[in-house]
Amino acid sequence: MANLTYLSKLGLGRNNLTGEVPPSIANLTRLTFLELGNNGLHGSIPSFISRLENLQVIDLAENRFSGPVEFDLFVKQKDLTILQLTDVVLIMHPAALNNATFPQFMDLQLARCNLTQFPKFLHNQTAIKLLDLSNNQIEGPLFHPPSSNLWRYDLSYNALSGEIPTSICNATSLVGFYLDQNTLTGKIPQCLRNLSNSLAMLSLSDNILQGTIPNTFSSACTLKMINLANNQLQGQVPRSLANCSSLEVLDLGNNFISDIFPNWLGALPELQALALRSNRLYGALPIRIGIGFPSLRIIDLSNNKLTGSLFDEIFLNWHAMGVRHQSQLMYMAFTASQMGSGFSTESSLYYSIDIKYRGKETKHEPILNILTSIDLSNNEFVGKIPDSIGNLTGLQALNLSHNKLIGSIPRSLGHLSNLESLDLSCNLLSGEIPQQLTKLTFLEIFNVSYNHLIGPIPQGNQLNTFGDDSFEGNIGLCGSPLLNNCGESEAQSPPQLQHSSYDGEDEESSTLIQWIIISMGYLSGLVVGVILGCIFVGQYHEWFVDTFGRRGWLNKRRARR
């Protein structure tokens, strides 16, 4: 490589290269493009990079370089426009940087670089389009660079405080804006409506934002993802979101939103993921909810005050959940290519959502394109589990726990061959566990505890792998893994009568009389048992319910707490 002195571009990114950066690269003085990112390179970043003065692009991101690096190593290239140093620990000496003349960056990526404050040279960056300072320890108020061309701004996972400045609304070219996991306060700026023609990704989750969500989404709305989860937002879901016809992901979970279910969101043709968990939603789910949401794959309405029955019609038209995905695993992303001449021609902005999946609160960042999930747990739904859920054959997770559902577990759930998590615990379900559930060979989580189920636990495949905690709280259940064994599967037949020496009519009459006597014995015993049971339960009803009923179990649980 040392002899390739006329080489201008060296692109070795996204391979499995290991070892150190070879010193022979120092001889490539005509290099304008150096891409070594996304490899396994280690050792120190060589100082000779500062002598490659013709470089316009430097990508050393996401390697395993050791030791801190002086940032002024990268400021001597006057034509440098793209600098990607993610995962490189940087040292910025104010004295050295104050006297430096910085190039005008277009793409500056300094994520996970151990920064504690905004670099001061950003105040003079008027041409920057992509600025990524995420996953650092930057403190203080949010800084907005003076560039009118800012296209993507990522400050997530820092320690920013204060309010979101309205000056950000002047960035009318902004496509992706990420402020997740900070300690920002105040209200969401109303002026964000100025970005309706450009903004595709708005992610402000995990802050302390208050007030209502601005109802200012115009008909020109280009948003594809809105994530405002884990704040202190109030009011209703803004009706102007109906203008965002390209919206694919909406996460407003874990706020103080008080509203009925926003059924009008079903008119959004591209909406794939909807999370409204842990709010103050109330009322019933309308039957017409099943008419809309043609692309919905993920819905999380858990931990609200929703009531009413889950009608079959609700799930009939959720066709996206009825598809068994055979396509290649990919992540949901918005890919843009309008970055400009000499700049990165294509960039993927990944979606994120917070949902409870497989029994755990999980931040899916990014979101797999095959993920399908329904979580309606911790509400006040009544009635039976709809058979139509069995048509959603692409479903991977179903959580209906902690409601007031009655009736039997539908056999149609055995059709959900992709199901990995099924939680029906803490309801009022009765009857036997369907044998059809043994067909669910991908199950990792299964919970039907604390219902009124009876009969033997089906054996076979994944159901044999779950412990007794998946079935506890059902007095009538028996069989492995519970300790109480099942009795005879069928009632014993009446004892066989021995034939006497009588023939003909005498033998038949004798046999008939004996059968009548035996039948009367069974019948009288049954009648007496029922009468005594009714008298006993009537006189001691409160004691019986407290001891053996669901209220007794709840009282015991409260006592343990």
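The values are calculated or read from the model by the stated rules, or taken from the named source; none is laboratory data. Predicted, not measured: the structure shown is a model, and the values here were computed from it. As a convention, Cβ positions derive from the backbone with ideal geometry for all residues, glycine included, and neighbour counts pool all protein chains shown. To get the accessible areas, we keep the full protein, side chains included, count just its heavy atoms, and leave off ligands, DNA and RNA. Shrake-Rupley method; radii C 1.70, N 1.55, O 1.52, S 1.80 Å.
Some notes on this structure:
- Unmet criterion (only one of (1) touching a Ser or Thr at 6+ places or on another chain (Cβ under 7 Å); (2) at pLDDT 95 or above) for Met1: (2)
- Restricting attention to the range 364-384, the residues that are more than 18 Å from Phe261 (Cβ to Cβ), open to solvent by 20 Å² or more (accessible area, probe 1.4 Å) and not acidic (Asp, Glu) add up to 6.
Here's the yes/no breakdown for (1) at pLDDT below 95; (2) among the hydrophobic types (A, V, I, L, M, F, W, C); (3) farther than 25 Å from Tyr350 by Cβ:
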{"site": "Ser198", "(1), (2), (3)": "yes, no, no"}
{"site": "Leu228", "(1), (2), (3)": "no, yes, no"}
{"site": "Gly253", "(1), (2), (3)": "no, no, no"}
{"site": "Phe256", "(1), (2), (3)": "no, yes, yes"}
{"site": "Glu270", "(1), (2), (3)": "no, no, no"}
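- Any hit, the range 449-468, residues being under 29 Å from Gly308 (Cα atoms), in a helix (DSSP H, G or I) and modelled with pLDDT of 95 or more: no
- Of the residues making up the range 372-420, those that are under 16 Å from the mean Cα position of the chain (by Cα) and among the charged types (D, E, K, R) are Asp375, Glu420.
- Scanning the range 425-440 for residues that are open to solvent by 70 Å² or more (accessible area, probe 1.4 Å) and under 28 Å from the mean Cα position of the chain (by Cα) gives a single hit, Lys439.
- Screening Glu361, Glu346 for residues that are modelled with pLDDT under 95, more than 21 Å from the chain's Cα centre (by Cα), surrounded by fewer than 23 Cβ atoms within 10 Å (Cβ to Cβ) and not hydroxyl-bearing (Ser, Thr, Tyr) leaves exactly one candidate, Glu346.
- Asp87 being open to solvent by 70 Å² or more (accessible area, probe 1.4 Å), assigned to a loop (DSSP other than H, G, I, E, B) and touching a residue at least 24 places away in the same chain (Cβ under 8 Å): no
- Residues in the range 18-71 that are more than 19 Å from Gln109 (Cβ to Cβ) and of a type in the set (Asp, Glu): Glu20, Glu53.
- The residues in the range 441-456 that are open to solvent by 10 Å² or more (accessible area, probe 1.4 Å) and in contact with a strand residue (DSSP E or B) (Cβ under 8 Å, 6 or more places away or on another chain) can be counted, and the count is 7.
- Residues being assigned to a strand (DSSP E or B) and of a type in the set (A, V, I, L, M, F, W, C) - total across the range 106-141: 3
- Hey, Asn254 open to solvent by 60 Å² or more (accessible area, probe 1.4 Å) and on the phi > 0 side of the Ramachandran plot or not: yes
- Residue pairs whose Cβ atoms lie under 6 Å apart, separated by 6 or more positions or on different chains, with the first residue in the range 54-82 and in a strand (DSSP E or B) and the second modelled with pLDDT of 95 or more and open to solvent by 30 Å² or more (accessible area, probe 1.4 Å), are Val57/Phe33; Asp59/Glu35; Asp59/Gln84; Arg64/His42.
- Pair list, Cβ < 7 Å and 6+ apart or interchain, from the range 355-377 residues that are at positive phi to residues that are open to solvent by less than 40 Å² (accessible area, probe 1.4 Å) and in a loop (DSSP other than H, G, I, E, B): Arg358/Glu420
- For the range 385-424, a tally of residues being more than 13 Å from Ile445 (Cβ to Cβ), open to solvent by less than 30 Å² (accessible area, probe 1.4 Å) and touching a Gly at 6+ places or on another chain (Cβ under 9 Å) returns 15.
- Given (1) under 30 Å from Ala333 (Cβ atoms); (2) open to solvent by 10 Å² or more (accessible area, probe 1.4 Å), index of the condition Leu281 fails: (2)
- Residue satisfying all of: in the range 293-313; touching a helix residue (DSSP H, G or I) at 6+ places or on another chain (Cβ under 6 Å) and surrounded by fewer than 18 Cβ atoms within 10 Å (Cβ to Cβ); nearest to Glu270 (Cα to Cα) among these: Ser295
- Residue in the range 60-71 that is closer than 24 Å to Ser44 by Cα and hydroxyl-bearing (Ser, Thr, Tyr) present: yes
- Looking only at the range 142-195, and only at residues there that are in contact (Cβ under 8 Å) with a residue 40 or more places away in the chain and assigned to a strand (DSSP E or B), the one that is farthest from Ser347 (Cα to Cα): Leu184
- Taking the range 197-255 as the range and being within 28 Å of Tyr331 (Cβ to Cβ), among the β-branched types (Val, Ile, Thr) and assigned to a loop (DSSP other than H, G, I, E, B) as the test, the residues that pass are Ile213, Thr222, Val237.
- The range 213-225, residues that are surrounded by 23 or more Cβ atoms within 10 Å (Cβ to Cβ) and of a type in the set (Val, Ile, Thr): Ile213
- Counted residues, the range 264-306 - those being more than 18 Å from Leu233 (Cβ to Cβ), assigned to a loop (DSSP other than H, G, I, E, B) and not β-branched (Val, Ile, Thr): 13
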